[in-house]
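Taken together, the values in this text are just the output of simple stated rules run on the coordinates, not laboratory data. Note that the structure is predicted; figures quoted are calculated from it, not measured. A quick note on method: Cβ atoms are made from the backbone with ideal geometry, for glycine too, and the neighbour counts reach across all protein chains shown.
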Amino acid sequence: MSHHGFTLIEIMIVIALIGILLSTGTLQFSDYIRKGAIERQTQELYSDLMLTRTLAVTQRTPMRVIVSPTVFTFVSSSLGGGVSSGSVTRVLSKPITWTGKGSSTEKQISFDERGIFNIDEIDEDKRKTTICVEPSFESAQYDSIVVLSTMIYLGKVAFGGECKSDNVTVK
């Protein structure tokens with residue numbers, strides 16, 4: 001007597017295998033989404049810093065960026081000391097940290113009319129500052145920005161390392 005079809009055990013094994021594959025895929029997809037968000041925010045901040053530097057050169061006026069853990073504000077230095085109605089603010093989806101001189105809640109990145117990073121705002125020894133976006137996430141290709149007096153680089157913080165330029169691999 002010939003029986004066609006699957007037994008209950010065969011169907012249960014197939015369903016279990018599908019469940020295992022779906023759970024593994026879901027974990028990898030959530031890591032992919034988080035990694036993409038970190039890289040996107042890092043690249044947006046890099047673009048904004050490059051734009052600010054370019055505007056300082058083309059408009060021949062000092063420009064600055066005010067950085068806090070959740071907000072990035074672009075201000076023309078000719079507008080005065082505080083944030084004015086002419087400034088542009090970007091609310092960040094991922095918190096950022098930085099190194100260099102400055103208070104623990106706010107940092108200013110200033111470019112003069114030649115596009116040179118203001119030396120008074122950076123580490124005396126290193127002559128640079130570093131901005132990091134969740135540097136503890138290992139798989140993101142970019143998670144930091146290193147600002148030198150004349151250059152701005154994207155980078156990757158070593159896994160488990162602090163947000164310091166010595167721990168960043170420039171890409």
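Structure above, values below:
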| item | result |
| --- | --- |
| Radius of gyration and Dmax over the Cα atoms of the range 1-50, both given in Å | 22.1, 77 |
| Computed E for Arg40/Lys171 - FRET, C-beta separation, R0 25 angstrom, nearest 0.05 | 0.95 |
| Karplus-derived HN-Hα couplings along the range 19-29 (A = 6.51, B = -1.76, C = 1.60, θ = phi - 60°), whole Hz, x at Gly and Pro | x, 5, 5, 5, 5, 5, x, 5, 5, 5, 5 |
| Cα-projected label distance for Ile33 with Ile15, points at 7 Å along beta-carbon direction, nm | 2.6 nm |
| Cα centre as origin, Lys/Arg/Asp/Glu Cβ charges: the range 17-63 dipole, Debye | 140 debye |
| Full-extension gain in nm, Val57 to Leu22, via 0.36 nm per residue minus C-alpha separation | 7.4 nm |
| Full-extension gain in nm, Met151 to Ser93, via 0.36 nm per residue minus C-alpha separation | 18.3 nm |
